[in-house]
Structures are given as structure tokens and as C-alpha cells.
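Some notes on the structure that comes next.
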There are 2 protein chains.
Amino acid sequence: MVTRELLDPHSIVVVGASEDVYKPGGRTLENLLVHKYGGKLYAVNPKADTVQGVKSYHTVEELPQVECAILAIAAKYCPHAVEVLAREKGTRGFIILSAGFHEENQEGAKLEKEIVDTINSVGGSLIGPNCIGMMNSNYTGVFIHPIPTFARDGIDFITGSGATAVFILELGITQGLRFNSVFSVGNSAQLGVEDILEYFDESFDPATSSRVKLLYVESIQNPAKLLKHARSLVQKGCHIAAVKAGGSEAGSRAASSHTGAMASSDVAVDALFRKAGIVRCRGRQELLTVAGIFCQKPLKGKRVAIVTHAGGPAVMLTDALSNGGMEVPPISGPKAKELLEKLYPGSSVANPIDFLATGTAQQLGDILDACELDFDVDCMAVIFGSPGLFPVYDVYELLGQKMKSCSKPIYPILPSVVNVAGEIAQFVKAGNIYFPEEVVLGDALCLVNRTAPPQPEHPEMPSVDRAAIRRVVDGAKDGYLAPGDVQQLLDAAGIPRAGEAVVKSAEEAVKAAEKLGYPLVMKVVGPVHKSDVGGVVLGVKTPEKVREEFDRMIKIPETTAILLQPMLSGVELFVGAKRDEKFGHMVLCGMGGIFIEVLKDVQAGLAPIGIPEAEGMIGRLRSKKILDGVRGQEPVPTRAFAEVVSRVSALVDAAPEIFEMDLNPLLGNSKGVTAVDARIRIAR
Amino acid sequence: MVTRELLDPHSIVVVGASEDVYKPGGRTLENLLVHKYGGKLYAVNPKADTVQGVKSYHTVEELPQVECAILAIAAKYCPHAVEVLAREKGTRGFIILSAGFHEENQEGAKLEKEIVDTINSVGGSLIGPNCIGMMNSNYTGVFIHPIPTFARDGIDFITGSGATAVFILELGITQGLRFNSVFSVGNSAQLGVEDILEYFDESFDPATSSRVKLLYVESIQNPAKLLKHARSLVQKGCHIAAVKAGGSEAGSRAASSHTGAMASSDVAVDALFRKAGIVRCRGRQELLTVAGIFCQKPLKGKRVAIVTHAGGPAVMLTDALSNGGMEVPPISGPKAKELLEKLYPGSSVANPIDFLATGTAQQLGDILDACELDFDVDCMAVIFGSPGLFPVYDVYELLGQKMKSCSKPIYPILPSVVNVAGEIAQFVKAGNIYFPEEVVLGDALCLVNRTAPPQPEHPEMPSVDRAAIRRVVDGAKDGYLAPGDVQQLLDAAGIPRAGEAVVKSAEEAVKAAEKLGYPLVMKVVGPVHKSDVGGVVLGVKTPEKVREEFDRMIKIPETTAILLQPMLSGVELFVGAKRDEKFGHMVLCGMGGIFIEVLKDVQAGLAPIGIPEAEGMIGRLRSKKILDGVRGQEPVPTRAFAEVVSRVSALVDAAPEIFEMDLNPLLGNSKGVTAVDARIRIAR
């Protein structure tokens, strides 16, 4: 749906162009002129024959054929203009800056739909309405400042908020970031963030395409599409960082004991981003710092050499890196000694490599060469400011050269934003990116390092008996499934479960007990919160006791039968799943009891979840060490736990009608993981 | 020890002054001249009669009387110069910029000591050596740039690192921060961070003293002194924020099952800062953002009104605030309706208060007035940038006025660092502080909000039998105390413990068992890791079993006796204490077992710890809800747990010889908290 006419139009008209450059229509035209749009440019203004020196038509009807139109007129006039342009003028790229559409009221929504229908009918593209426009190296179809420097290897930036885009551009430009394209999707009436990403994915050319994508989104309309193309791009070697704002309202929703309640939308977003390999950022500065990292040479490990001429910032950076999961490894040996001899007395090469306030450009070069060639590190963070005694042009020039020539990434931290503002400006002008604050950079490096590669689109899944699953689900009504149906589903999905019997008389109970073996657990069937009504008895060891408890429990209100299970021992685990209308099924896992209820130690993933991804989820649990065995307790094999997670994923894939399910508890011991209680709710 | 001659000298000599302003001696003299030092100024330079127009003497001997000396000469010449100045010229303020002292080698340490001895003998003050100097509104005794704007209500900044100070000043100045004084203590040969803080405390005048103090420290030489004066200053109404860098090495030390191992120095620093009410920051940006908050009107609650003309940043700020423990409360009612009528259609006052991209200064004024007078909020965060269409001088002027006139603090977030750089510069020039990034501000607000007021210096402590404690400790050798001694100490400290008996024969064991009551726990005395050697048996219910287990256990290697205790039930808790040579005793508490070993859910406090502080520690445990009773378990009274924490603190106060102790486990149930096992180690 993204047309060539939108991306690289040979002619553009600004409808609503004005001499007043403080109005969107005026500023957009000015931007196109100032930034030297190379095609034919027209204006439409009912009262002028030229606007800012550009030929102006009084109506769209009078226009010649034109490939791309930028509309800065009141909403109510847009449908007609679009109609004429699409049908009569061959226009296939549209940018509508104006507001007053579906974001405002019903009437606006109607206008918006009309426009989209028209554009769709001719196979055109629409950016907006209610946006700041779009820009790339071909043209600057925006009414805002600043216009960034464009570069083929610059950042592709897609934003759901125009004002935020401006502030992101401003901050990014000051730090030296360059852009390849900026799309402000506004109301996303036709093209949304997902669609632009799809375009980047499908048009990706390893030789020429930019590899850094930034997103700012407040709502994800089509999570599956976002996942698909983000994952694909990352798999092709791109880096994606995104801010998804607005999660707190959902996140602060009071947690309940029900596992499903934790699958709030923010958890879903996290799961989606993790699955796609997107680095999730919280704000503009973090997003741009991560972008700055992405724009350097690829980072291949977590060992950082800190090169500095000042102690303090290096110490703070070391703290940030090592607390955040990266390493600042000690450096020693003959090569280190050799380097030390090239530095002034008092220098240290132990890492941080401190070459003192008097350190020179030559010395910095020697240090970076040693880091590149001799030392076992993956990147270099160079801190170099100035107390204002002398200029540092030579140091920054050397730094810029080394950033180009070294194969390992170099992250320049230039803290002296006042004392050497001129040098920093020149450094940026030469095409370099810098970072003003060491802890901010350190945190961002850790964030990038923590973000795992994307999960495969079609993971190898455990095989399940789909026919059996369908039989049960097709035959079931909406609501909680009966125990027998739950058992059949677990068996069909290959999820190990405790042997059990559901009985309706004391005689049956005793017979079943003999078969299952003592000691036993007895539970009521019917009541939802079994423990609360006295409907769970543990450690039943004799036929007499079975009989006695049966007689007592069957009288508990709502009880329709009694369930008997052999008593198993092990660590309480849980696995759950919940369907989100937009995100599909999310599968959750963790340790049971207080770990989920009090400590909220839960990991979530979006289905389908293969065993390796499930193992990753389990590995991220804070309580993971308990599963490995502590205080004399048997270790639980991660693989067996992961397999249950993956089988639950396969089950909900076969039966999307499952709205939510809980295996809670599962008991884990060294022999494996067994479901002891399960609830499955169907909602179509 | 801080003399008037250091703070407000009537005359200054720069020893080692130079015409070359790219040398410290030249730049320092230049700074004094440019920033119009008002007293008499002299130079010492062996080759010149004037330096930068200032009268220069060839030797210090030739100088007239001079109150303050700034030395920028090689280390080896410093002792003689100091000797002459101190003894003959009446100098009582010294700043030594030169390096080459104890930070370099033994010889340097000797020179340093000589200088300190001389200065001490005349009652003088010394800043440095190895520092950038000091400055305040009286003079700029530093060789660096930039020199900040000085204001009586500006920031007092003490730093252990000169270069870091430069970078902090640069960042702070760009955001509008003003300073009252800057002390770079360098090697802290005589005056360290703690001493300057002491001076601020003792000279504090509510009418004239600045209320904001910032610290950058890498090591704390005298924690007790820092605590004393920081606490006192905060109690007098000051705000202190500090970076203590270099904690990661200690923090990453592999954790062991021993509680003491968690009392790493970084934990101690956290405990110290918490006790003093210091806001601990991780880096320069965080420190300065917190400082910017401190410089506004006092923040009295956690309810934030977000006022914005752009949606995105407000959403990100809302996320940051509500995820970090602050509130963005909904605003409604007739007053809200009244306000809405003054705004353009499409605006929202629900909070965030969004007055659209077209919002005016007048409207911002109306909004801020409503927040000040009508709405139940504690502060206002105002986001106002510009897409570059029109200037915003009027808005920022209004903002500056409201920041002065409103009683509630206003935090201006001005993101358009490019588009309205001129307006921001003017805003800063008018004496205002701004914040460029909303999430950074949000996080800092949450950090400030989380920092509790200081704990009292002399908390009310539970009474303990000091005489009995001293009897036991004075009679004990270094090493682990015998069980009988441990019991006596717990009893003397009023710490509830399980009844117990230590027996050496099977007969004795049976007799004791009858007295304690069944069921019992039996444990070996002697081996340190009792469970590992099979030296713990639970649930012993008969005399026969007592006899049988005694006979088995007494043969376990290193076993000298058997301990019998009645079996108690409850939640496992622990309380420990550990002595740090610098910080004194730290008391730790948490839930036992996996909570301490796997989840590291431990809180630490510096002794003395009164019951309210102990309750605060318990309240910060992640597992606190478990103590309140979950899943049918009895709640444990926080007060009883806190009392044990406080009694352990009182015990180590009476017996500082206690190097470490563990009450692990304590069992907590609704009746109280009882120590079941305890170890106490003495080390003098």
C-alpha cells in the first residue's frame, strides 16, 4: 500500500499553501523549498497565483497531474480535494496534516472513512490525517522544524505522535543522529506503524537499506503484523527500538490471585517486543541513546573497555555496566604493559584505562588500537571532556577516525557540553554520534545487551492430538470445562497429570482409592474456590478415612462429585494461558503460591512458544534457583517444565476457543512436572 | 577547621601564577581577575614582577601578609611554601591544586603529611591537594571552567573528584542551576567531604543558608560524621542528594548463604544514606535532576498534575510517575469544568491537562491557577515545547512568573532544545531551572518521593540488661559463643527464644524432653552446618525416639552435646547483625530460607535502630505481604518482628565486640516471634 508516489514523488502539491510560514501550509511549502525538493512543486490557494514563488492554483480542479498531495486545509474540505486528486489528477501519495477527523468526533470519522475509501479505490497511499507529515531524502513533507540530516544509513523513524516526534528529532539531532526517513502516521487512517514496518520489511535490500528503526507508539492496532515484520527485519540484521507509552494504567490494575489478571496489556507488549527482538525503551532519551548505540559498529559481546581521562565518570559507568549485566573485565599481561609504557606515569590500563587529565590524542589512539587488536573486549566507551584549559579538537578528530576504522564499536562520551561545545559541534558535523552522560549510556548498553534475538516465527512445537482436542472443544459449551473434559484435553496435549478418579458414592471412592494408591488427596468438584469451603483434604491414608471424608464433603454446597488423586510431592509450579482479543494467546509460567501471588514472579510469552523460548521464560524467573534445587530440595528439570509451557501453547493453538486456563499447581520434582489441578474456560 | 580566611579571604596569593592561562596557575589567576575578586591579589612567580597585571613576588618569603594561598607548584616545593606562609605570612586558608602527593606514592604521602601538620599547627584550613580548588560568591579559586552563577540560595556542592565536578557544573549550568559554593576536596588531606558538611551544619542559619547540598564521593572516610551532619542538615530543612560511586565491585561479590556476606559496603552506603535522609543518585544527570527538584518550592505530597500541549510526553511521564509510586490523579468536578471552558475545544482537564498544540500563555496561566487553588494536587509538571512554528517567549515568561508566585512547585519540562533554544536560554537567564526530558524528571521525582525523612540520632531503644550482656561478653573468647552464652545474651537482650536444653547423655535428654514437652527438635552442638551432617531431627515424639536419636547423633564428628527444643510452627524469619570497621554495626532482617538465599530479599539498617525504623525495614521487604498472612497462613505481627530487630541493635550496642550474629530461623506466628537458632561471633 506504500506507493512510489508517496516515497519519491516527481511532483508535489501543497493544498492550503500560504505565504505565512507560521501556518502549517506555509511552513510545509517553505520546508520543501529550503530543503530543495527536486521535482515539480505546485500550490493550491484560492486567493493567490503564486505562493512563496511557487505557481498556485485557485482550486484543485485546475491542477495539472500531480503524484503527491499534502493537504493543509480544514477537514471538511479534504474529501472533495482527495476525490479530485485521486480520480482526475493521478495522485497516488497523500499526506493529510489537518486535524478534525476521527480523533475529534463522529462526523470527522465519516470524513476520514470517505477519504480512505477514495484513496484505496485508486491504490494510493495515505499518511495521516492529524499528523506532522513525512520526510526522507527525497522531500520534506512536514510543517515542523527541525529537519534532520538525511543519510542512507540513518534512522527510519515511525511515530504515532507528531509532537513527540519533534522532541525526539530535536534531542537526536543534538547528539548527531542522522535519519533516513520519518513517518508521522497520525490517525493511521490507512497506513499505520505496522504498515510502514511491513513496507520496510518487504522492500529490504541488504546492500542499501538502513538498519536502524525507531518506533514511538501509544497503541498497537495489529500486534501480529507488528510482530511479523519487526521479527523479520531483526532477522535480516536490523535493530529496532521502540517506546510503547501508556502502559501504566493497565499495569496498575489491582492484581488478583487469578493468573489471567497479570496478562495485562503492558505485559503483552513486553512479550511481543521480546518475541520480536525489539528493544523496549521508556522515554525519548533512552530511545535515542539506544539508537546511538545501534548506529555504531555491531556490538558482539558484553565486555567493555572503559577509556577515560577522568576517574569519576569511569567509576559511575563501571557501576552501571556491571550492575546491569555487562562486564568491565580486568586487562593485564604483556600487551597491557606495553601500552602502559606509552602513557604518562600514573596512568592505569587495568580497565578502566585511565590516561589522566593530561592524556593526548596520540595516547588515545594507542589505547584504542590495543583495545581493537590486543585486548579481549567487545567495545570501547571513551570518556573525554575538558576542564576548559585547552581545546580538544585533535582528540575528537582522532576519536572520529577510530570510530570509522575500528571493527569494534566505540561509544564516545563527551561530557563537556559547555567547555568544548565547539569541538562537540564539529565532531557531530563530521557525522559522528556522541553520548553526553555515562550512566545513561551504560544503562542503554545493558538494555541492548539484555534484549535477546527474536524467536522463530514457526518454532518446532510438541505434537498434540489435535483431533482429540477438537472433539472435546467442539462438544463443549462456553464456561469452565468439566473435570473429565479437562483431563482429556491435558492427555491430548501430552501434559502429564496426576492419576485421578471422580466419584459420586463412597463405595466408588474406596474402590478408586485402592487403585490410585494411598496417601490420597480428596477435592470437591463444583465449587470454584475449593480450599475456602473446606473442600480439599490432604494425606488420606485409609479406606475408613476415604469414606468419612466423602460423606462430609459431598454435602458441601455446589458439590457434584469428589475427586481423588494420589498425593504427590514436589515444588508448586504453575502454567497458565489467557487470550487477548488483539494479541492472541499469552502463556504464563512461574512458581506457584506466594511466588505468583505476592512476589508476582511470573513470565509471559506470546503463543506459539517452542521449548527453547519456554526455557528462556523459566530462566528469567527470579525464583529460578529454587528450581535448580536449594536447601536440600530436589531440582526440577527445566526441560520438563518448559515442555508443559510449550504444550499449553500447542493446546491453545489447536483450541483457540480456550479463553483462559490454569495448571495450578503443577508439582515439580526430579522426575518431572505433573499437573495436579487444572481449570480451562472456553469462550467463543 | 574551616577558617574564615578560606571562605572569605581579604587577600589571596596564587603561588605558581603564570601568564599562560592554559596552565592551572595562569587560569586560576585569570578566573580570580575575570570574576572580580574584591580583595588584595598577589602572585608568586620566580621570573616575573607582574603576572596578568598582578604584582608578582619571586619567592613566598617576599610576600606581605596574605590570608589565603592557592598553590599551583610542583608537590616537592609545597611544604616549604606552606611553612613560610603559615608561619610568617599569617596565611590560614590553603588550596593546593598540585598533584603528586599521597595518591602517587609514599614520598608524596610524606610531603602531604608535612603540609597538614604545618597547617594544623597554626589552625589553618586546607583544601586539596590534587583538586580543582574551591569557589563561592567571594572568590573563584579554581583553575577550571565553567564558573557557575552564584546565588545565596544556590547549591552547595562538595566533590571528591575534580573532573567529575567540571562535568556536573557544565550539565547543571545548562539546566539553569545556580550555586552557592563548590568544594573540590581532592585528597582530603585535611578537610574531607564530611568536614565541609560539618561546617555547613554548624554554621547553618535558617535565614540565610542555602538549603540544597550535592555530594559526589567515591569513598566515605568517616561514615558516622557524614551521617551526623547530613541528618542534622536535613532535619534543619536542607535537601541532600549524593552520588556514591564505586559500589559495584563489592555489590557483585558472590553472595553466600551467610547473611553477613550481604552486608557489602554498597548496602552499608544505602543504609547510611537512608538513615540520613540523603537521596542517593547513580549519575550526574540524576543528581542534577534531583537538584533541580530541590531548588523549586517544597514538594509536599505525591499527587502530580501534568500540564501539556503535547500528548506523547505526558503519557510517558504518567507511566514513569505511576510506575514509580507517585500519582497522576483524575481531576473533575465543577472547577474542572470551569477551567475546561477557558481552553480551546478538544482540550482535556482530566489530568494530564492537555491544552493542545495551539494552547496560549493565558490558558497556561488559568490552568496553573486552577492547580494552585482548586485542584487537589501537590505539584505541576508543565510540558511545553514547540514544533518550530512560532516563538514561545510569552509562555515561558508566564511559566517563570508562576514558578515564583505559586506555593506548589512547578517543574517545567522544555523539550524543544533546538526549536526554541533562544527562549530556553532566556528562561534560564531569568533565573529559572528547566528539565529537558519528562521520563528523567519523572524518575527523579519518584526517587525524591521514595526517600524518607532521616531517622532520629537517638532513637528510643528497648531496654536490655547491659550488665548481664557485659558479663557474658567480657568472659568470652573471640570466636563463636557456646549455646549457653548465646542463650544468656538473648535473654539479657529480651529476645524471645525457644526453651531448650543442652544434654550430654541419653538420660539427661529424656529428662529434658519431658520438661520441654513433645514434639521436639534435636540438634547437634559443635558442627557449624548441622543439617548437612544429619545433625537435625524434627518431630521427635517419644522418649524411645529421644534415646535412639541421641545415641546416633552424639557420634557425629565434632559433636560435643545435643540440643533439645520444643518444635514450634510459624513462618521462618531471620535477623542478623554484622560489624563493618567503618560503618559500625549493620542490622539485617528478612524472611528466612529461600527469601534470603535465592531472592536476596533482605533489608539493612545502621545501628542504632529503634522500633519505628525497624518497622520501616520490614515494610520494605518484597515479601512483606506474606507476613501479613496469605493463603490461610497466620499473620506475623510486624511490631514483634521489629522489636527483635531493635533488640539486636541494642545488644550489639552493649556488646560492640559482637562481630556478627544470626537469629536464623526465628519463627513468627500470630503470637509473636521466637528465636529458634542463633549464632554469635565475637571478634575484638
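Every number in this text was worked out from the coordinates using simple rules, so none of it is lab data. Keep in mind it's a predicted model, so treat the numbers as computed, not measured. Virtual Cβ from ideal backbone geometry, glycine too; neighbours counted across all protein chains shown.
Think of chain B as having a plus end and a minus end, set by charges on the Cβ of Lys, Arg, Asp and Glu; of B:S18, B:L321, B:I680, B:I680 sits farthest toward the positive end of this dipole. Cross-link reach is defined here as a Cα-Cα straight distance under 19 Å, omitting same-chain residues fewer than 8 places apart; for B:K236 the aspartates and glutamates meeting it are B:D153, B:D156, B:E194, B:D195, B:E198, B:D201, B:E202, B:D205, B:E457. Computed extension length for A:V536-A:K600: 20.5 nm, one decimal, from 0.36 nm per residue of separation with the Cα-Cα distance subtracted.
Dimensions of region B:4-131 along the principal axes, based on C-alpha atoms and rounded to the nearest Å, stand at 38, 28, 24, largest first. Which distance in Å, rounded to a whole number, links the C-alpha centroids of region B:556-595 and region B:443-490? Cα centroid to Cα centroid, the span is 14 Å.
Which trypsin sites (Lys or Arg not before Pro) does region A:28-87 hold that lie in a coil by DSSP with at most 12 other beta carbons within 10 Å? Those satisfying the criteria are A:K36, A:K47. Other residues lying with their Cβ under 12 Å from the Cβ of B:F204 contribute a combined charge of -2, Lys and Arg counting +1, Asp and Glu -1.
Label-to-label distances for B:K40 across copies, nearest first, come out at 8.5 nm, using points 7 Å from Cα in the beta-carbon direction. Cα centroid distance between region B:8-79 and region A:401-424, in Å? One Cα centre to the other: 35 Å.
For chain A, the relative contact order comes to 9 percent (Cα pairs under 8 Å, sequence separation of at least 6). Relative to its residue count, region B:571-682 spans a Cα convex hull of 89 Å³ per residue. The residue in chain B that lies nearest, by its beta carbon, to the axis linking chain B with chain A is given here with the distance in whole angstrom as B:L599, 4.
Once the mean of 1/r is taken over each pair of separate Cα atoms and inverted, the protein assembly as shown shows a Kirkwood hydrodynamic radius of 35.6 Å.
Using alpha carbons only, how many degrees (0 to 90, rounded to 10) separate the axis of helix B:162-174 from the longest principal axis of chain B? That works out to roughly 70 degrees.
Shown for B:L169, A:L7, B:L41: other C-beta atoms within 10 Å of each C-beta, ranked fewest to most, produce the order A:L7, B:L41, B:L169.
Restricting to bridges with both residues inside the protein assembly as shown, how much of the DSSP beta-bridge set is antiparallel, in percent to the nearest 5? Antiparallel bridges make up about 50 percent of those DSSP assigns within the protein assembly as shown.
Taking the label point 7 Å along Cα→Cβ, B:S137 and its counterparts in the other copies are spaced 5.6 nm apart, in ascending order.
Treating chain B as a set of equal point scatterers at the Cα positions, no solvent, please give the Debye-formula log₁₀ I(q)/I(0) at q = 0.06, 0.10 Å⁻¹. With no solvent term, the Cα-only Debye profile gives -0.48, -1.01.
Counted over chain A, the DSSP beta bridges are approximately 50% antiparallel. Using the Cα gyration tensor of region A:304-450, with a ≥ b ≥ c the square roots of its eigenvalues, what is the shape: rounded (a/c below 1.5), prolate (a/b larger than b/c) or oblate (neither)? Here region A:304-450 falls in the rounded category.
For the protein assembly as shown, the Cβ-based charge dipole about the Cα centre amounts to some 1500 debye (Lys, Arg positive; Asp, Glu negative; other atoms uncharged).
For region A:499-567, rounded, prolate or oblate, judged on the Cα gyration tensor with a ≥ b ≥ c (square roots of eigenvalues), a/c < 1.5 rounded, else prolate if a/b > b/c? Judged from the Cα gyration tensor, region A:499-567 comes out prolate (a/c at least 1.5, a/b above b/c).
Qualifying chymotrypsin sites (Phe, Trp or Tyr not before Pro) in region A:1-94, where qualification requires a DSSP coil assignment and no more than 15 other C-beta atoms within 10 Å, comprise A:Y22.
For region A:516-605, what does the alpha-carbon gyration tensor say about shape, rounded, prolate or oblate, given a ≥ b ≥ c as the root eigenvalues, a/c under 1.5 as rounded, and a/b over b/c as prolate? Since a/c reaches 1.5 and a/b is larger than b/c, the shape of region A:516-605 is classed as prolate. Applying the criteria of a DSSP loop state and at most 14 other Cβ atoms within 10 Å to the trypsin sites (Lys or Arg not before Pro) of region B:90-182 yields no site. Please report the relative contact order for region B:304-450, taking Cα pairs under 8 Å with a sequence separation of at least 6, and give it as a percent rounded to a whole number. In percent, rounded to a whole number, it is 28. When the listed pairs B:K523/B:K582; B:K302/B:K671; A:K213/A:K582 are checked against a 27 Å cut-off, the alpha-carbon distance exceeds it for B:K523/B:K582; B:K302/B:K671.
Using a 7 Å projection from Cα along Cα-to-Cβ, the label point at B:K541 is separated from the same position in the remaining copies by 0.7 nm, smallest value first.
What does the charge count around A:E460 come to, taking other residues whose C-beta lies under 15 Å from its C-beta (Lys +1, Arg +1, Asp -1, Glu -1)? In short, -3. Couplings 3J(HN,Hα) for region A:410-424, derived from phi with the Karplus relation 6.51 cos²θ - 1.76 cosθ + 1.60 (θ = phi - 60°), are 10, 10, x, 9, 10, x, 8, 5, 9, 4, 10, 4, x, 5, 5 Hz, where x marks Gly and Pro.
For B:K545, a cut-off of 13 angstrom between C-alpha atoms picks up these aspartates and glutamates, skipping any fewer than 8 places away in its own chain: B:E507, B:E514. Working note: Karplus 6.51/-1.76/1.60 with θ = phi - 60° gives region B:390-404 the couplings 8, x, 10, 3, 5, 5, 6, 5, 4, 4, x, 5, 5, 4, 7 Hz, where Gly and Pro are set to x. Less than 5 angstrom separates the built amide H of A:I383 from those of A:V307, A:T308, A:H309, A:I413, all sequence-distant by 5 or more or on a different chain. Charged neighbours of A:K110, selected by a Cβ distance under 12 Å, balance to -3 (K, R count +1; D, E count -1). Straight-line cross-link partners of B:K40 among the lysines, defined as a Cα under 26 Å from its Cα and at least 8 positions apart when in the same chain: B:K23, B:K55, B:K89.
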